1. Kindly indicate whether residue 55 is part of a helix (DSSP H, G or I) and in contact with a Phe, Trp or Tyr (Cβ under 7 Å, 6 or more places away or on another chain).
2. What single numbered condition from (1) at pLDDT 90 or above; (2) surrounded by 12 or more Cβ atoms within 10 Å (Cβ to Cβ) fails to hold for residue 54?
Amino acid sequence: MIMKKSIPFLGILLVTAGALTLTASAFCGWTNTNGVQISALSMIVLGIIVYIAAIKRSGKY
């Protein structure tokens, strides 16, 4: 029961972590490093997918 309620927060957490990774890489000058950019983008996309799937399963969407 607790796990079902925390899955949307996992999606939000992934999106936030991806955005913070992109921001940190821009401040540190890692803009030419594709690995950092791809991992941050994949965290954002995965977070959006997890959030939408969790909302859709709960019936609120």
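The values are calculated or read from the model by the stated rules, or taken from the named source; none is laboratory data. This structure is a prediction, so every number in the text was calculated from the model and none was measured. Cβ sites come from the backbone with ideal geometry, for glycine too, and all protein chains shown count toward neighbours.
1. On the way: part of a helix (DSSP H, G or I): yes; in contact with a Phe, Trp or Tyr (Cβ under 7 Å, 6 or more places away or on another chain): yes.
Yes; evaluated as a whole, the condition is true for this residue.
2. Only one criterion is unmet by residue 54, namely (1).
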